[in-house]
Structures are given as C-alpha cells and as structure tokens.
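S.K.: The structure that follows is given in the form of structure tokens.
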Amino acid sequence: MTNEEVREIVQRVCTLVETHYVFPDAAAAVSRALADALAAGRYPAHARSLAAAVTADLQSVNGDLHLRLLHHDEPQPPREPGDDREEYAAMARWAGQTSGGVARVERLAGNVGLLDLQPVLFPAVITGELISAAMSLIAGTDALIIDLRRCLGGEPGAVALIISYLWDREPVQLTGFRERAGLKQAWTLPYVGGRRFGRAKPVYVLTSATTFSGGEQLSYDLQQLGRATIVGEQTRGGAHAREGFVVHPHLEATIPVAEGVNPMSGGNWEGTGVTPDVPTPAEQALDVAHRRALADVIAAGAGGAAEAEAALVGLPGQTIQV
C-alpha cells in the first residue's frame, strides 16, 4: 500500500462519514479528526494497521462503536451503496454454518424452555423458518430463558420476529430507527408461522458484557415492554444501524446511518448498554434465571409445578421463596 492509497482511503472515509453518518454535527467533527491525522502523517501504509488507527480516530469524538474501518483477509468485491446482495449472501453462508444462529433449544427441568441465540440474530428473510421451528418447540413450556450472552448483533427484522412469538396478535410498537430523512417505525407481527409462546408466561433474558447491537435491541425492547426480566451483565452499548462501504479490497468502512428510538423510553442503549434487572456475573446468569423461572412456575401452579419444585431443590445457589 502506498502513501497515496492511504490518502485516498482516508479521504473516502471522510466523505462517507460526512454524507451518511446519522449525526451531521458529529460527522463534521469525526471528519476533521481523520483529516488532521492524515495531514500529520499518523496513518501507516499497511491495511490492517491502518484499519486499527482509523477506527480509533472514528470513535474518538463520541465513542460510537459502530463507526469502524474493518480489515478483511479476503478481498471484498466492489459494490454500490445500498447494494446488499453480497452481504446477504455472506450472511446466508454464515447462517448455514451456525444453525441460523439458533445454537441451542432445550427443555430444562421444571418445564422451562431455553433458547440460546448466537453468534448474531440473522436476517429474518434468511432464518425465519428456523426461528419459527425453535419457538414452536418451546411454545409449550411454562417459562422461557433466552440466552443472549454471546449474541454479537443482529437485524431489526429478526428482533421484531422473535418478540412477535412472545406477544399476542395485537401488534405493539418496538424500537424504530431514525435516519437523516426521518423515523422508520417497527412493530410486532399479527401473524407468525408455527406456535407462539404468548404474552402471559414469564421470560428471562441473559446478557453479558459481550452482548451487542441486535442482541441489545432484543433485550432492551423486551425490558421496555415489561415482557422480560434481564439477568446478567451490563451490555456493550451499540444502538445504531450501520451500512458497510468498501473503500479498498481489504477495507470496509461501517457508518451508522440510523439511530434507535424506542417509543416508550424515547431513547436507546447507545453508549450505556442495557442495564440488567438482576445484575449477575454472566457465568452465573443461567442458574439464577432458571431458579427464578422455576419459582414462577411453582407460583403459577402450572402443569410443571411439581417437577419445578423438585428441580428447584436440586439447583445450586440461593433459595427463592415462592
């Protein structure tokens, strides 16, 4: 990589930030930071090192973790802005290697369902059938635990689909995304394939300091709806929808093009993360949530109450009064 290539790449990133970043005032400040660093000769003529240095400056103004210059080992084909065909094809390949992000579906002792979603919440158009199958399997359980401790992101459409299975047929508004042109609303779906878990039974969501972006949106929306209890750690704090732009065969600039806006809080989790209702070390979150879910099953006198009582006695940790 030559110094002239470095200059062209950084200038291209500056233009993309100024044109697309959802916060115009911050965009100007970010662009100035990159231009100043370029003028000072601080950027190395090595793709991987350049990506790290530019990312640090992109995030130096307001700490937006979605502002990045990503390095790819494999060359990225050029694409026009808004052309997401290759990105979706890559997502589909990744989903095919990871069971569509449904890492685990299990009935725990006491008729408590467990749904482990990782590494990301793949676009609903790619994995909707798998989500439907997983939700149908656990629909008959008396309580549900959704494990997002290793969920690194996801698509808003997937969030809406999952919450739809935890709601009823009357749509409810979720976090939408405000672009420069205006707000795009998001709602649960009046119809889903398979069986709903429904709105009445208890739901627990597990989080960690690794939970990010789409995983945070699912946690935050369920918390704001009063639909789930969050157990675990404060999440990373990324609430912006981003778009990727190839600026070099091995470099991709990711620019937040929209800001999450929740209709109940009026805000989002950017920079702060999602605060758990039951702060717990991530490695203990499943046991803590399972104990609480068993207590709920017993208190409700559900069909699995006797099994839940036996299971609660056998679990390690503090006793919960029911």
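The values are calculated or read from the model by the stated rules, or taken from the named source; none is laboratory data. For clarity, every value in this text was computed on a predicted model and none was experimentally measured. Here the Cβ is made from the backbone with ideal geometry for all residues, glycine too, and neighbour counts use every protein chain on show.
S.K.: Taking the stated definitions as given, is Ala253 modelled with pLDDT of 95 or more, in contact with a Lys or Arg (Cβ under 8 Å, 6 or more places away or on another chain), of a type outside the set (S, T, N, Q) and under 17 Å from Gly215 (Cβ atoms)? Write out each step before concluding.
M.R.: Details: modelled with pLDDT of 95 or more: yes; in contact with a Lys or Arg (Cβ under 8 Å, 6 or more places away or on another chain): yes; of a type outside the set (S, T, N, Q): yes; under 17 Å from Gly215 (Cβ atoms): no.
It is false that Ala253 is modelled with pLDDT of 95 or more, in contact with a Lys or Arg (Cβ under 8 Å, 6 or more places away or on another chain), of a type outside the set (S, T, N, Q) and under 17 Å from Gly215 (Cβ atoms).
S.K.: With (1) part of a loop (DSSP other than H, G, I, E, B); (2) modelled with pLDDT of 95 or more as the list, and Arg169 as the residue in question, which single condition is left unmet?
M.R.: Of the numbered conditions (1) part of a loop (DSSP other than H, G, I, E, B); (2) modelled with pLDDT of 95 or more, the odd one out for Arg169 is (2).
S.K.: Could you say whether any residue in region 263-275 is in a strand (DSSP E or B) and not small (Gly, Ala, Ser)? Give the derivation first.
M.R.: Pass one, region 263-275, residues in a strand (DSSP E or B): none.
No, region 263-275 contains no residue that is in a strand (DSSP E or B) and not small (Gly, Ala, Ser).
S.K.: Name the residue that is nearest to Phe23 (Cα to Cα), counting only residues in region 268-294 that are of a type in the set (Gly, Ala, Ser) and at pLDDT 95 or above. Write out each step before concluding.
M.R.: Initially, region 268-294 is screened for residues of a type in the set (Gly, Ala, Ser), giving 271, 273, 282, 285, 289, 293.
After this cut, where a residue has to be at pLDDT 95 or above as well, the list is 273, 282, 285, 289, 293.
Values: Gly273: 19, Ala282: 33, Ala285: 36, Ala289: 38, Ala293: 41 Å.
Result: Gly273.
S.K.: Please go through region 198-241 and give me each residue that is under 18 Å from Arg292 (Cα atoms) and among the aromatic types (Phe, Trp, Tyr), ordered by number.
M.R.: Tyr204
S.K.: Among what's in region 139-154 and is among the hydrophobic types (A, V, I, L, M, F, W, C) and surrounded by fewer than 23 Cβ atoms within 10 Å (Cβ to Cβ), pick the residue that is farthest from the chain's Cα centre (by Cα). Reasoning before the result, please.
M.R.: Of the residues in region 139-154, the ones among the hydrophobic types (A, V, I, L, M, F, W, C) are 139, 143-146, 148, 151-152.
Remaining after also requiring surrounded by fewer than 23 Cβ atoms within 10 Å (Cβ to Cβ): 139, 152.
Working: Ala139: 23, Leu152: 6 Å.
Per the criteria, the residue is Ala139.
S.K.: So, in region 25-58, exactly how many residues are in contact with an Asp or Glu (Cβ under 8 Å, 6 or more places away or on another chain), surrounded by fewer than 17 Cβ atoms within 10 Å (Cβ to Cβ) and either charged (D, E, K, R) or in contact (Cβ under 8 Å) with a residue 40 or more places away in the chain (or both)?
M.R.: 1
S.K.: Here's another thing I want to ask about it. Which residues, taken from region 55-83, are within 15 Å of Ala29 (Cβ to Cβ) and of a type in the set (S, T, N, Q)?
M.R.: Of everything in region 55-83, those that are within 15 Å of Ala29 (Cβ to Cβ) and of a type in the set (S, T, N, Q) turn out to be Gln59, Ser60, Asn62.
S.K.: Please state which one of Ala310, Ala285, Ala253 is part of a helix (DSSP H, G or I), in contact with a strand residue (DSSP E or B) (Cβ under 6 Å, 6 or more places away or on another chain) and either outside the structural domain of Val120 (by TED's automatic domain parsing) or within 23 Å of Val120 (Cβ to Cβ) (or both).
M.R.: Working: Ala310 fails: in contact with a strand residue (DSSP E or B) (Cβ under 6 Å, 6 or more places away or on another chain); Ala253 fails: part of a helix (DSSP H, G or I).
None of the others qualify; the one that does is Ala285.
S.K.: Taking region 46-68, which residues are touching a helix residue (DSSP H, G or I) at 6+ places or on another chain (Cβ under 8 Å) and either of a type in the set (A, V, I, L, M) or not in a helix (DSSP H, G or I) (or both)? Let's see the steps before the verdict.
M.R.: First, pick out the residues of region 46-68 that are touching a helix residue (DSSP H, G or I) at 6+ places or on another chain (Cβ under 8 Å): 50, 53-54, 57-58, 60-62, 64, 67-68.
Leu50, Ala53, Val54, Leu58, Ser60, Val61, Asn62, Asp64, Leu67, Arg68 - these are the residues of region 46-68 that are touching a helix residue (DSSP H, G or I) at 6+ places or on another chain (Cβ under 8 Å) and either of a type in the set (A, V, I, L, M) or not in a helix (DSSP H, G or I) (or both).
S.K.: So which of Val246, Val274 ends up being more than 18 Å from Ala143 (Cα to Cα) and under 14 Å from the mean Cα position of the chain (by Cα)?
M.R.: Numbers: Val246 fails: under 14 Å from the mean Cα position of the chain (by Cα).
Step by step, each of Val246, Val274 is checked, and only Val274 is more than 18 Å from Ala143 (Cα to Cα) and under 14 Å from the mean Cα position of the chain (by Cα).
S.K.: Going through Arg169, Arg150 one at a time, which residue ends up being out of contact with any helix residue (DSSP H, G or I) (no Cβ under 7 Å at 6 or more places or on another chain) and either of a type in the set (A, V, I, L, M) or farther than 20 Å from Leu286 by Cα (or both)?
M.R.: Going through Arg169, Arg150 in turn, just one is out of contact with any helix residue (DSSP H, G or I) (no Cβ under 7 Å at 6 or more places or on another chain) and either of a type in the set (A, V, I, L, M) or farther than 20 Å from Leu286 by Cα (or both): Arg169.
S.K.: Which of the residues belonging to region 188-236 are at negative phi and among the polar types (S, T, N, Q)?
M.R.: Pass one, region 188-236, residues at negative phi: 188-193, 195-197, 199-212, 214-225, 227-231, 233-236.
The answer is Thr188, Thr207, Ser208, Thr210, Thr211, Gln217, Ser219, Gln223, Gln224, Thr229, Gln234, Thr235.
For every residue, the table says whether it meets (1) at pLDDT below 95; (2) more than 29 Å from Val261 (Cα to Cα); (3) within 26 Å of the chain's Cα centre (by Cα).
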position	(1), (2), (3)
Val6	no, yes, no
Gln11	no, yes, no
Tyr21	no, no, yes
Ala28	no, no, no
Ala35	no, yes, no
Pro44	no, yes, no
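S.K.: Taking the condition free of Cβ contacts under 8 Å to residues at least 40 places away in the same chain and over 29 Å from His20 (Cβ atoms), does Tyr165 pass? Step through it out loud before you land on a result.
M.R.: Values: free of Cβ contacts under 8 Å to residues at least 40 places away in the same chain: yes; over 29 Å from His20 (Cβ atoms): yes.
Judged against the criteria, Tyr165 is a match.
S.K.: Any residue in region 174-190 that is of a type in the set (A, V, I, L, M, F, W, C), under 15 Å from the mean Cα position of the chain (by Cα) and assigned to a helix (DSSP H, G or I)?
M.R.: At the first step, the residues of region 174-190 found to be of a type in the set (A, V, I, L, M, F, W, C) are 174, 177, 181, 183, 186-187, 189.
This time we only want the ones that are under 15 Å from the mean Cα position of the chain (by Cα), so: 174, 177.
This time we only want the ones that are assigned to a helix (DSSP H, G or I), so: none.
There is no residue in region 174-190 that is of a type in the set (A, V, I, L, M, F, W, C), under 15 Å from the mean Cα position of the chain (by Cα) and assigned to a helix (DSSP H, G or I).
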